[in-house]
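Below is one structure, written out as structure tokens; comments come after it.
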Amino acid sequence: MITVEEFRAEVREWLAENLVGEYAALKGLGGPGREHEAFEERLAWNRHLAAAGLTCLGWPVEHGGRGLSVAHRVAFYEEYAKADAPDKVNHLGEELLGPTLIAFGSPEQQQRFLPRILDVTELWSQGYSEPGAGSDLANVATSAVLEGDPQASEATEKQHWIINGQKVWTSLAHWAQWCFVVARTEKGSKRHAGLSYLLVPLDQPGVEIRPIVQLTGDSEFNEVFFTDARTDADLVVGAPGDGWRVAMGTLTFERGVSTLGQQIRYARELSALVELAKSNGAADDPLIRERLTRAWAGLQTMRSYALATMDVEEPGMDNVSKLLWANWHRDLGELAMEIEGKSGLVLPGGEFDEWQRLYLFSRADTIYGGSNEIQRNIIAERVLGLPREVKG
């Protein structure tokens, strides 16, 4: 196998040679709060990456990946961030659903979906959260009922899951072709029991997608309504009723090696904020200097923790990581407003500047992907062994 340093050099050289011309204009675009930026152009870039064998790096070779180690993948994301390459549009397929299908899916599901994730010809969204089941996934109310004749020869008469309900905060659903949906398939079941993990096509009657306008004025989250929507009976991952286990498996893949690349972007934001503080005189304030120093120390803590736990699977580690980066980034947005001062209260040209956008969107960092309260409950109960929270 290629060494980590050889692979790092390969990635660095490829990015230098390819992030040019029309692709050079995409540098720094995309990512949370900015998914609307040049989406079609970033899709083309993501497919260009795939053609070069630079997607799905950790997938097993037999499934089209390169079977590379965690260290190799860390090297990729670090070099990718250093090059200021545009955010990929295929994160949910490549980093979440793909590994889930490799771990839990049937051979037929793997053959049907993995190649199209690999070459970025089908995009995915995540149907977890609901109006009454945000971070508490066990409260899912969206239902799915199996109907039809399992022996029928005609496709219209074969068994299908009939899905009814609503999902919310569904990232990128308005650009995706498919959604992996957690639905309640056993009538009368409660909490973790009776859930199934379904693969549902979005381009069909009975599916309505409504983009949600964010504080920033953009829309990357959506409401998704299912009204007698359908998916084939065999598009349940794992056994019917085993959806909780599969969904938890997906969440273990969610906070992976890409966090190292995320931290390099954070470091770039912090450096730019330091320069702003120097240029507008805010750095003359000792309290501002202290907060900038604390931000730098927090970033080093995040990196050290990520590297120390990257290859270790123990309860609570991912939850600690989420708490670290979410709170750090939200605090950076607040610090940015302190440093901008009065200029942060106006819209030059009627558009948010980068610091206003950072402040507004980072308010959501401590909510999406599992709120702070849920992360702390998990750490308290599963790591510290404290009594479970009393449900009202």
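Key figures
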| item | result |
| --- | --- |
| Cut-off under 5 Å, modelled amide H: who pairs with I162 long-range | V145, L146, E147 |
| Per residue accessible area of the stretch 18-90, 1.4 Å probe, in Å² | 37 |
| Sulfur and carbon atoms: percent of accessible area, the stretch 1-85 [1.4 Å] | 53 |
| Share of carbon and sulfur in the accessible heavy-atom surface of the stretch 99-237 [1.4 Å probe, %] | 50 |
| Cα extents of the chain along the three principal axes, largest first (Å) | 75, 53, 46 |
| Sequence-distant aspartates and glutamates (8 or more away, or on other chains) whose Cα lies within less than 19 Å of K190 | E130, D136, D242, E389 |
| Cα gyration tensor, the stretch 4-123 - rounded (a/c under 1.5), prolate or oblate | oblate |
| About the Cα centre, charge dipole magnitude for the chain (Lys/Arg +1, Asp/Glu -1 at Cβ), debye | 920 |
| Anchor K88: lysines whose Cα lies under 16 Å away (excluding residues fewer than 8 positions away in-chain) | K27 |
| Most to least packed among 374-387, 112-125 [average Cβ atoms within 10 Å] | 112-125, 374-387 |
| For the stretch 376-387, Karplus couplings with θ = phi - 60° (6.51, -1.76, 1.60), whole Hz, Gly/Pro x | 5, 4, 5, 4, 5, 7, 8, 9, 8, x, 6, x |
| The chain: calculated mean residue ellipticity at 222 nm from DSSP helix runs of at least 4, using -39500 (n - 2.57) | -13000 deg cm²/dmol |
| Heavy-atom surface of the stretch 202-302, accessible at 1.4 Å and reported per residue (Å²) | 49 |
| Folded to 0 to 90 degrees: helix 243-254 orientation relative to the chain principal axis, Cα | 20 |
| Shape call, the stretch 270-392: gyration tensor on alpha carbons, a/c limit 1.5 | prolate |
| Lys/Arg +1, Asp/Glu -1 at C-beta; the stretch 289-392 dipole; positive extreme among V383, W325, S343 | V383 |
| Separation of alpha-carbon centers, the stretch 364-392 and the stretch 1-62, rounded to whole Å | 35 |
| Cα-Cα over 23 Å, subset of K187/K322; K82/K342; K158/K187 | K187/K322; K82/K342 |
| Residue (of A9, A25, F104) at the positive-pole extreme of the chain, dipole from beta-carbon charges | F104 |
| Sequence-distant residues sharing a close amide H with L123 (under 5 Å, placed H) | Q177, W178 |
| In Hz, Karplus ³J(HN,Hα) per residue of the stretch 262-271 (6.51, -1.76, 1.60; θ = phi - 60°; x = Gly, Pro) | 4, 5, 5, 5, 4, 5, 5, 4, 5, 4 |
| Table column - 3J(HN,Hα) (Hz), the stretch 279-291, Karplus curve with 6.51, -1.76, 1.60, x for Gly and Pro | 6, 9, x, 4, 5, 6, 7, x, 5, 5, 4, 5, 5 |
| Unit charges at the beta carbon, dipole of the stretch 163-303: most positive-side option, W244, P211, N164 | W244 |
| Cα-based Kirkwood hydrodynamic radius, the stretch 195-258, one decimal, Å | 14.1 |
| For G217, net neighbour charge (Lys/Arg +1, Asp/Glu -1) across residues whose Cβ lies under 15 Å away | -4 |
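The values are calculated or read from the model by the stated rules, or taken from the named source; none is laboratory data. Here the structure is a predicted model, which means the values were calculated and not measured. Reconstructed Cβ throughout: ideal geometry from the backbone, glycine too, with neighbour counts over all protein chains shown. Ligands, DNA and RNA are excluded from the accessible area calculation, which covers all protein heavy atoms including side chains. Shrake-Rupley method; radii C 1.70, N 1.55, O 1.52, S 1.80 Å.
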